[in-house]
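Notes for the one structure printed next.
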Amino acid sequence: MKLPSHLNSVKGFLDHDEGICLYNHALSSSKKGPILEIGSYCGKSTIYLATAAKEYNCSVYSVDHHTGSEENQVGWEYHDIELFDEETGKINSFPEFMRNLRKANLLDTVIPIVSDSSLVSRDWKIPLSMVFIDGGHTMEAAFNDFNNWKDKIIKGGILAIHDVFPNPDDGGRPPFEIYRKALSEKNFK
Ligand code: MG
């Protein structure tokens, strides 16, 4: 495993253990087809996924509008003033994302898509070996991501979801609800 040395300093909300889990699934998925993640932010999860994918010359599509989720905006719990863009009044994580991927030498593996995930899904035809959902955490955003992308995963592929908390005291419900929805459908186990 050749994870880049600056990985610990990359802004993000992914634990190292979770990153290793993504890395391992990405490594086995990379032999079967490209990987797509929803919610790149500053590229932390992207680096775990793409470091594995690069071993097999597999591409990682990384979808994010880069203007942040609700909780990243001014006055919210996860706002980061360093990412604030005065022109739009929102955050802009794209420059930081590109900087981190460049440093990690992964621009030959990651294909950034700067757009809304629902819009990207509309014309998407490429079968995916793995989809990682970590976009908006509202009920609407989480269900849109699940419904729009679930059928683009190949048989035997991986659907990974971040921030799944079975206990409501530990965190918000939408990622857990789409996890439960996936298990209720016959195509997922
Ligand atoms: Mg997350």
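Could you give every pair whose Cβ atoms fall below 8 Å, whose first residue belongs to region 165-189 and is outside any helix (DSSP H, G or I), and whose second residue is away from the ligand (no atom under 13 Å from the Cβ), counting only separations of at least 6 or pairs across chains?
PHE165/ARG173; ARG173/MET139; GLU185/LYS150; ASN187/LYS150; PHE188/LYS150; PHE188/LEU159; PHE188/ALA182; LYS189/LEU183
Would you mention how many residues in region 45-67 are out of contact with any Phe, Trp or Tyr (no Cβ under 8 Å at 6 or more places or on another chain) and farther than 14 Å from TRP149 by Cβ?
The total comes to 12.
Name the pairs whose Cβ atoms lie under 6 Å apart, with the first residue in region 9-22 and farther than 18 Å from VAL131 by Cα, the second within 10 Å of the ligand (Cβ to nearest atom), and 6 or more positions between them or separate chains?
Every condition considered, the pairs that remain are VAL10/LYS44; GLY12/TYR41; GLY12/LYS44.
Specify the residue that is farthest from the chain's Cα centre (by Cα); the eligible residues are those in region 120-137 that are assigned to a loop (DSSP other than H, G, I, E, B) and more than 24 Å from THR67 (Cβ to Cβ).
Among those that are assigned to a loop (DSSP other than H, G, I, E, B) and more than 24 Å from THR67 (Cβ to Cβ), it is LYS125.
Out of region 130-147, which residues are surrounded by fewer than 19 Cβ atoms within 10 Å (Cβ to Cβ) and either away from the ligand (no atom under 15 Å from the Cβ) or of a type in the set (Lys, Arg) (or both)?
The answer is MET139, GLU140, PHE143, ASN147.
Within the group PRO168, PRO174, which residue is out of contact with any Asp or Glu (no Cβ under 6 Å at 6 or more places or on another chain), surrounded by 19 or more Cβ atoms within 10 Å (Cβ to Cβ) and over 17 Å from TYR61 (Cβ atoms)?
Numbers: PRO168 fails: surrounded by 19 or more Cβ atoms within 10 Å (Cβ to Cβ).
Testing whether each residue is out of contact with any Asp or Glu (no Cβ under 6 Å at 6 or more places or on another chain), surrounded by 19 or more Cβ atoms within 10 Å (Cβ to Cβ) and over 17 Å from TYR61 (Cβ atoms) leaves just PRO174.
Report yes if some residue within region 35-48 is away from the ligand (no atom under 16 Å from the Cβ) and either aromatic (Phe, Trp, Tyr) or part of a strand (DSSP E or B) (or both); otherwise report no.
Among the residues of region 35-48, at least one is away from the ligand (no atom under 16 Å from the Cβ) and either aromatic (Phe, Trp, Tyr) or part of a strand (DSSP E or B) (or both), which makes the answer yes.
Every residue in region 50-62 that is closer than 11 Å to PRO34 by Cα, in a helix (DSSP H, G or I) and either free of Cβ contacts under 8 Å to residues at least 60 places away in the same chain or within 14 Å of the ligand (Cβ to nearest atom) (or both), please.
ALA53, LYS54
Just to verify a result, which residue in region 152-165, among those that are more than 16 Å from the ligand (Cβ to nearest atom) and under 15 Å from ILE38 (Cα atoms), is surrounded by the fewest Cβ atoms within 10 Å (Cβ to Cβ)? Give the derivation first.
Initial filter on region 152-165 (more than 16 Å from the ligand (Cβ to nearest atom)): 152-158.
Applying the additional criterion that residues be under 15 Å from ILE38 (Cα atoms) yields 152-153, 158.
On the way: LYS152: 15, ILE153: 20, ILE158: 18.
Restricting to residues being more than 16 Å from the ligand (Cβ to nearest atom) and under 15 Å from ILE38 (Cα atoms), the top hit is LYS152.
Starting from region 75-91, keep only residues that are touching a residue at least 60 places away in the same chain (Cβ under 8 Å), then list their pairs with residues that are polar (S, T, N, Q) whose Cβ atoms are within a distance under 6 Å, requiring at least 6 positions of separation or different chains.
Within 6 Å, the pairs are TYR78/ASN72; LEU83/SER93.
May I ask you to verify whether PHE188 is crowded, with 18+ Cβ neighbours inside 10 Å, of a type in the set (Phe, Trp, Tyr), under 30 Å from GLU55 (Cα atoms) and touching a helix residue (DSSP H, G or I) at 6+ places or on another chain (Cβ under 7 Å)?
no
Given (1) polar (S, T, N, Q); (2) touching a strand residue (DSSP E or B) at 6+ places or on another chain (Cβ under 7 Å); (3) at pLDDT 95 or above; (4) under 15 Å from ASP134 (Cβ atoms), identify the lone condition not met by THR109.
It fails just one condition, (4).
Does SER30 qualify as being within 17 Å of ILE111 (Cα to Cα), crowded, with 20+ Cβ neighbours inside 10 Å, within 15 Å of the ligand (Cβ to nearest atom) and among the hydroxyl-bearing types (Ser, Thr, Tyr)?
When the stated conditions are applied, SER30 does not pass them.
The values are calculated or read from the model by the stated rules, or taken from the named source; none is laboratory data. This structure is a prediction, so every number in the text was calculated from the model and none was measured. Because the Cβ atoms are built from the backbone with ideal geometry, glycine has one as well, and the counts that use them run over all protein chains shown.
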